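The values are calculated or read from the model by the stated rules, or taken from the named source; none is laboratory data. Given the structure is predicted, the values throughout are model-derived calculations rather than measurements. Methodologically, a virtual Cβ is constructed for each residue, glycine included, from the backbone with ideal geometry; neighbour enumeration extends over all protein chains shown. The accessibility values were calculated without ligands, DNA or RNA, using every heavy atom of the protein model including side chains. Shrake-Rupley method; radii C 1.70, N 1.55, O 1.52, S 1.80 Å.
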Amino acid sequence: MKKILFISFLSVHLFVILYNNIIVEEQAINKCLLNKLEDGIALNALHKSSVTTKLFTAYSKYTGTETGYGFYAPNVSSPVVLMLTKFDVNGRLISVESPAFSSRDAMVRFNTSLDLFLDKVQNRDSKYNKYMNLVLRSIVMWTMQNDTNCKKVFADILIYDLNKNSIAKPSYLKLGHYEYTSIESLAKN
Amino acid sequence: MNILVLNLLQKIRNTINNYLFEDKHLGTPLFTLRIGLGIIVLLQLIHLMPDAFTLIGKNGMIHQDIANIQLPQNMISSDKLVDFLSYRFHFSEFESLYLLGWIYCISALFLIVGLFTRFSATVCWLLHLAFVNSGHFFTYGVDYFITMLLFYCIIFPVGYEFSVDNYLFRYRHTNYTPYIRVLQIHLCIVYFVSGLAKTIGINWWNGVSILKALCRPGISSFHIQTFSKFSGIFVLIGVATIILELLYVVFVNYGRTRKLWLFLTCVMHIVIAFCLQLPFFAAVMILMNVCAFYFPTRILNSNSQNDNF
């Protein structure tokens, strides 16, 4: 009985791991080789039944198997940099910097999360874009909260352009420029 | 014809039975997994503590109201736990997160010493999930692996040896092989998929991926111009990484090459720890590799069976 239970668990567990990887790999192939941003056949097949989707997603999330294992693949994406230019209430420049953290791991986590803005550029879905705008606004609000002098912020999303032809001379490309002003500053002006 | 098919099926059944249930592994890999994982969880908590409110606080860098939009309703999160504690016990957000952090820390300590192992692993797993879900914008590979290993610690008999539990409850001998096989199969899938995915991308064949991974502003600051002079080495490293990962499943399962492949894989992870600034990820992967493949198996006598499972 214990053996049957174990084999059942192993079968379900391995199926979930493999299926999640098939989803991720299919999307990677679509994006990398076919230049298409699509969910793919595997994900669409899963979404056919809402009960299956819920069960599958819950199991994947609770067991940590929801991720694809194609780390840094098919290609390592160019790093995205968020540059915040801070101004005081009179419009004087305070600093130009990326958000700072106390720990190295938090810094790595933040920099990894910036890849989502790369998706924002490639993704034409307006809902996703609105959501990412909200995320960016939250980051800026957090910056203003941590620096009481800061009343205006320019947020620039840059990409560190590094390819075969530019190895010796990489450059930053600007993906987006956003301006945020605090209510106090607006009232003053 | 029928007899042939039946014989073949019987052979397959025996092979699977022997592979999964033959009692030939000692308990060492599993208690190493328990202790190693507990230490990694503790160190990660201590390391990330100063940034906890920035990453998962209600008014953190990404407000929890915004982060929760992408979180399925049935998922546990530290934000929900904080709400519960403030509603029931009138705790502030600071007090709630502090309390959750302490419970997480104590459960990891209990896991290390093997006290109420399954219960401690469950508490640790749920709190880890709660923290990861609240900070899901800031997650990367290591969080998934820790979740998965904590889940394994609940299911596997990781507290049967070198634990306070064993001293208190005097466990009978159990067959560890099936659990170690799960780890081995999982690792083989991880590396095979990782290697396969890398073969699709052109940048792993021309060395650019290695360069890009090494030169990430804000994380690692190697001098790109110096690196550009050695582009041939990066091609070599890129191709070697693909071969190492893609053929892991073959060479690590073959007795004579197992130790060599394990060593090369660990070297790759140590390089990742230093160059990509991912020490926790490297530590988890090395721990998994060591637990799955490093420890020798028991020499079986002729009447050794798989009845213990």
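Here B:Phe151, B:Phe138, B:Phe145, B:Phe131 are screened, and the one residue that is touching a residue at least 24 places away in the same chain (Cβ under 8 Å), within 8 Å of chain A (Cβ to nearest Cβ) and open to solvent by 10 Å² or more (accessible area, probe 1.4 Å) is B:Phe151. Taken as a whole, the condition of being surrounded by fewer than 24 Cβ atoms within 10 Å (Cβ to Cβ) and closer than 30 Å to B:Ala273 by Cα applies to B:Val113. Is there a residue being farther than 21 Å from A:Ile139 by Cβ and touching a Leu at 6+ places or on another chain (Cβ under 9 Å) anywhere in the range B:68-75? Within the range B:68-75, one or more residues are farther than 21 Å from A:Ile139 by Cβ and touching a Leu at 6+ places or on another chain (Cβ under 9 Å).
Being open to solvent by 100 Å² or more (accessible area, probe 1.4 Å) and in contact with a helix residue (DSSP H, G or I) (Cβ under 9 Å, 6 or more places away or on another chain) is the filter here; which residues of the range A:24-41 pass it?
The first filter runs over the range A:24-41 and keeps only residues open to solvent by 100 Å² or more (accessible area, probe 1.4 Å), leaving A:33, A:35, A:37, A:41.
If the condition is that a residue be open to solvent by 100 Å² or more (accessible area, probe 1.4 Å) and in contact with a helix residue (DSSP H, G or I) (Cβ under 9 Å, 6 or more places away or on another chain), then A:Leu33, A:Leu37, A:Ile41 are the ones that fit.
Could you please let me know if B:Arg118 is among the basic types (Lys, Arg) and over 30 Å from B:Leu168 (Cα atoms)? Considered against the rule, which asks whether it is among the basic types (Lys, Arg) and over 30 Å from B:Leu168 (Cα atoms), B:Arg118 comes out as no. Looking only at the range A:90-117, filter to residues that are open to solvent by less than 60 Å² (accessible area, probe 1.4 Å) and away from chain B (no Cβ under 13 Å); which one of those is modelled with the lowest pLDDT? Checked the range A:90-117; the qualifying residue modelled with the lowest pLDDT is A:Gly91. In the set (1) in a helix (DSSP H, G or I); (2) touching a helix residue (DSSP H, G or I) at 6+ places or on another chain (Cβ under 9 Å), the condition left unmet by B:Arg256 is number (2).
Return a yes/no flag: does the range B:10-19 have any residue that is open to solvent by 50 Å² or more (accessible area, probe 1.4 Å), touching a Lys or Arg at 6+ places or on another chain (Cβ under 9 Å) and in a helix (DSSP H, G or I). Please lay out each step first, then the result.
So the first thing to find is which residues in the range B:10-19 are open to solvent by 50 Å² or more (accessible area, probe 1.4 Å), and the list is B:10-16, B:18-19.
Remaining after also requiring touching a Lys or Arg at 6+ places or on another chain (Cβ under 9 Å): B:19.
So of that shortlist, the ones also in a helix (DSSP H, G or I) come out as B:19.
Yes, because at least one residue in the range B:10-19 is open to solvent by 50 Å² or more (accessible area, probe 1.4 Å), touching a Lys or Arg at 6+ places or on another chain (Cβ under 9 Å) and in a helix (DSSP H, G or I).
Consider B:Ile69 carefully, then state whether it is within 14 Å of chain A (Cβ to nearest Cβ) and open to solvent by less than 20 Å² (accessible area, probe 1.4 Å). Judged against the criteria, B:Ile69 is not a match. In the set (1) charged (D, E, K, R); (2) without any contact (Cβ under 8 Å) to a residue 12 or more places away in the chain; (3) open to solvent by less than 80 Å² (accessible area, probe 1.4 Å), the condition left unmet by B:Lys24 is number (2). Quick check, is A:Lys54 among the charged types (D, E, K, R) and surrounded by fewer than 20 Cβ atoms within 10 Å (Cβ to Cβ)? It is true that A:Lys54 is among the charged types (D, E, K, R) and surrounded by fewer than 20 Cβ atoms within 10 Å (Cβ to Cβ). Of all residues in the range B:190-202, which are in contact (Cβ under 8 Å) with a residue 24 or more places away in the chain and under 19 Å from A:Glu26 (Cβ atoms)? Answer for the range B:190-202, where residues must be in contact (Cβ under 8 Å) with a residue 24 or more places away in the chain and under 19 Å from A:Glu26 (Cβ atoms): B:Phe192, B:Ser194, B:Gly195, B:Leu196, B:Lys198, B:Thr199.
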